[in-house]
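The values are calculated or read from the model by the stated rules, or taken from the named source; none is laboratory data. Please read all numbers here as calculations on a predicted model, not as lab measurements. A quick note on method: Cβ atoms are made from the backbone with ideal geometry, for glycine too, and the neighbour counts reach across all protein chains shown. When the accessible area is computed, the model is the full protein with side chains, heavy atoms only, and any ligands, DNA or RNA have been set aside. Shrake-Rupley method; radii C 1.70, N 1.55, O 1.52, S 1.80 Å.
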Amino acid sequence: MSKTYDLAVRGGTIVTAADRYKADIGIRDGRIVAIADEITGATEEIDASGLLVLPGGIDAHVHLAQPTSDGTLMADDFESGTRSAAAGGNTTVLPFALQVKGTSLRACVDEYHAKAQDKCYTDVSFHLIISDPTPQVLGQELVALVRDGYTSFKVFMTYDDLVLNDAELLQVFEVARREQALVMVHAEGHDAIKHMTRTLEDEGKTAPYYHAEAHAQIAEREATHRAISHAQLTDVPVMIVHVSGRDPMEQIQWARKRGMKVYAETCPQYIALTKDDLKGLNMDFEGAKYVCSPPPRDEDSQKAIWEGLRDGTFDVFSSDHCPFFFEAGGEIGKNNTKAKTSFKWVPNGIPGVETRLPLLFSEAFPRGAYHWRGSWR
């Protein structure tokens, strides 16, 4: 006798963007075909009693198999990264196809598709990263890629191998406006960070903790305001990614009050960590595990991020998953031996695609912050 359903998820509490209720779910051929008080007649059953049953998560900001300027290897490729994503309740991830300076943007996109081919446990789509906005890229390749469906791309206001100057940013923004694309901005002031890094190193302050001092919130605030000003000048929507605290949030809120289309993203590290975590055990290298940019801030910044999740300042809650191997020795880490000499050589990025949704729910429910106006994605 054939069964009505391939799988039944029974006894759980279903949580959607609008509702929360107890029900069973019936699945056939990989699709939800029934939601009812009781589902019977399934080949396989999952007992979800006492658990939340959620739609699949969409992590809109992850980095997988991405090259680095110094040859440091990223810890996740598409196989391991999407497997982790699925384990964390995600059914779709959006990594970045990074343009290496001096190369064709189209060729970089093709290379990323090849890296992902037959290796993914979840659905995958791509944002672009523009690092070399040549006339060829802006006039032909980027336009063609947007028309092919790559309608979001990221630009950087820091990192030696990725930073765009103001003239380049404005040129990219102009293309985005004409082609109706969304620009994602890593907003940190490059020159301010370089200045602070030199100052701290001259003072002998090289432990991972000082990464947070060099990447001061002031530099993030300034760059956020500058990115918004460029967007206002060119009349293009922008998303400020991985917002870490109150100062950049206030710039975003200022812009929205004036009718500008400025979107905002934050991440688990800004609700679960502070810069004190970068101290490690007595300012040792353990703090390198928490080095990301922008870095976690102080407790007031954590409070501000929760306020932003509640009041709708944030539209997206993504992981910015960007993992590197901690150990510097051996074949895997042979190009990262400088990391212990100064915080500036520690690869910027931490994992999070598997823990993003669990952290959000475990942290949000005790705080009463789960009815926020942004997207659960």
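Expressed as an acute angle from 0 to 90° and rounded to the nearest 10, what is the orientation of the C-alpha long axis of helix 105-116 relative to the principal long axis of the chain? Tilt relative to the chain: about 40 degrees. The distance between label points at residue 114 and residue 165 comes to 3.4 nm (points 7 Å beyond Cα on the Cα→Cβ vector). Which lysines have a Cα less than 20 Å from the Cα of residue 101, not counting those fewer than 8 places away in the same chain? Within the straight-line cut-off, residue 101 pairs with 115, 154.
Per the Debye formula on identical point scatterers at the alpha carbon atoms of the range 178-305, with no solvent, log10 I(q)/I(0) at q = 0.11, 0.14, 0.22 Å⁻¹ is -0.41, -0.63, -1.22. Which parts of the range 191-210 would a label at residue 340 reach, counting a residue when its backbone N lies under 17 Å from a point 7 Å out along Cα-to-Cβ? So the set is 206-209. Taking the Cα centre of the range 92-209 as reference, the dipole from Cβ charges on Lys and Arg (+1) and Asp and Glu (-1) amounts to some 240 debye.
Distance between the C-alpha centers of the range 281-300 and the range 185-201? Whole Å please. Here the answer is 16 Å between Cα centres. Protein heavy-atom accessible surface, 1.4 Å probe, per residue over the chain: 47 Å².
Provide the FRET efficiency to the nearest 0.05 for the residue 22-residue 45 pair, computing r from the beta carbons and using R0 = 22 Å. Computed FRET efficiency for residue 22 and residue 45 comes out at 0.85.
Modelled spin labels at residue 148 and residue 326, positioned 7 Å past Cα toward Cβ, are 4.0 nm from each other. Our compactness index for the range 1-48, the C-alpha radius of gyration over the empirical 2.2 N^0.38 Å, is 1.11. Using a cut-off of under 20 Å, list every residue of the range 6-25 whose amide N is near the label point 7 Å from the Cα of residue 36 along the Cα-to-beta-carbon line. Only 6-15, 21-25 fall inside the zone, counting backbone N under 20 Å. Report summary: the helix-based calculation at 222 nm, which adds -39500 (n - 2.57) for every DSSP H run with n ≥ 4 and divides by the residues of the chain, gives -9500 deg cm²/dmol.
The largest accessible area among 31, 258 belongs to the first residue in 31, 258, and the rest follow in falling order (1.4 Å probe, all chains). Which FRET efficiency, nearest 0.05, do residue 303 and residue 3 yield, Cβ-Cβ r, R0 45 Å? After rounding to 0.05, the efficiency reads 0.30.
Determine the dipole magnitude for the chain: charges of +1 sit on the beta-carbon of Lys and Arg, -1 on that of Asp and Glu, nothing else is charged, the reference point is the Cα centre, and the result goes in debye to the nearest 20. Working shown, then result.
On the way: 39 positive and 54 negative charges, 134 e Å.
Here the chain has a charge dipole of around 640 debye.
Only protein heavy atoms count here; on that basis, with a 1.4 Å probe, residue 24 has an accessible area of about 10 Å².
The angle between the Cα long axis of helix 217-234 and the longest principal axis of the Cα atoms of the chain comes to about 80 degrees, rounded to the nearest 10. Legend: calculated FRET efficiency, residue 178 to residue 250, from the Cβ-Cβ distance at R0 = 22 Å, rounded to 0.05, equals 0.10. A cut-off of 5 Å between modelled amide H atoms, ignoring neighbours fewer than 5 places along the same chain, links residue 34 with 26.
Solvent-accessible area of the chain (1.4 angstrom probe, protein heavy atoms only): carbon and sulfur portion equals 49 percent.
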